[in-house]
1. Could you list, in sequence order, all residues of the stretch 73-112 that are within 26 Å of residue 48 (Cβ to Cβ) and among the aromatic types (Phe, Trp, Tyr)?
2. Condition first: part of a loop (DSSP other than H, G, I, E, B) and either in contact with a Ser or Thr (Cβ under 6 Å, 6 or more places away or on another chain) or modelled with pLDDT of 80 or more (or both). Can you find one or more residues in the stretch 47-64 that meet it?
3. In the stretch 65-104, what residues are assigned to a loop (DSSP other than H, G, I, E, B) and open to solvent by 90 Å² or more (accessible area, probe 1.4 Å)?
4. Restricted to the stretch 16-46, and to residues that are surrounded by 10 or more Cβ atoms within 10 Å (Cβ to Cβ) and part of a helix (DSSP H, G or I), which residue is modelled with the lowest pLDDT?
Amino acid sequence: MGTTAKEEMARFWEKNTKSNRPLSPHVTIYKWPGGGCGRRGAGAGSAVVTRAVAFAGVSLFGLAALLLPEQFPHYLALVKSLSLGPALICSAKFALAFPFSYHTWNGIRHLV
């Protein structure tokens, strides 16, 4: 007749305790990957940051589109009425586009 699961577990823990070794070292030896997807190199950490910024930007824009009472043209006219300088407008466009383009090109590089 076979052993029960309870007996198997008791035998396992007894053997593991006698050998004085950890059950699994994954918690103590795990190192957070820099860029995810197994990428290595100097730009791996920044890929995580740009991915997080891109995700946050898309999420906030989508949430705003759902919750704000007016349509997009109203808010576009509001930004135009602020008369912001071209340097600030170009900086804002760059800040919006950079995480997406950087992460996209990094992903393409990874695929190649």
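The values are calculated or read from the model by the stated rules, or taken from the named source; none is laboratory data. These figures come from a predicted structure and were not determined experimentally. Note that we place each Cβ from the backbone using ideal geometry, even for glycine, and neighbour counts take in every protein chain shown. Protein only, heavy atoms only, side chains kept; ligands, DNA and RNA dropped before computing areas. Shrake-Rupley method; radii C 1.70, N 1.55, O 1.52, S 1.80 Å.
1. Those that are within 26 Å of residue 48 (Cβ to Cβ) and among the aromatic types (Phe, Trp, Tyr): 94, 98, 100, 102, 105.
2. Within the stretch 47-64 (the criterion being part of a loop (DSSP other than H, G, I, E, B) and either in contact with a Ser or Thr (Cβ under 6 Å, 6 or more places away or on another chain) or modelled with pLDDT of 80 or more (or both)), the answer is no, since none of the residues qualifies.
3. Once the filter is applied, which keeps residues that are assigned to a loop (DSSP other than H, G, I, E, B) and open to solvent by 90 Å² or more (accessible area, probe 1.4 Å), the stretch 65-104 yields 69, 70, 71, 82, 83.
4. The residue in question is 44.
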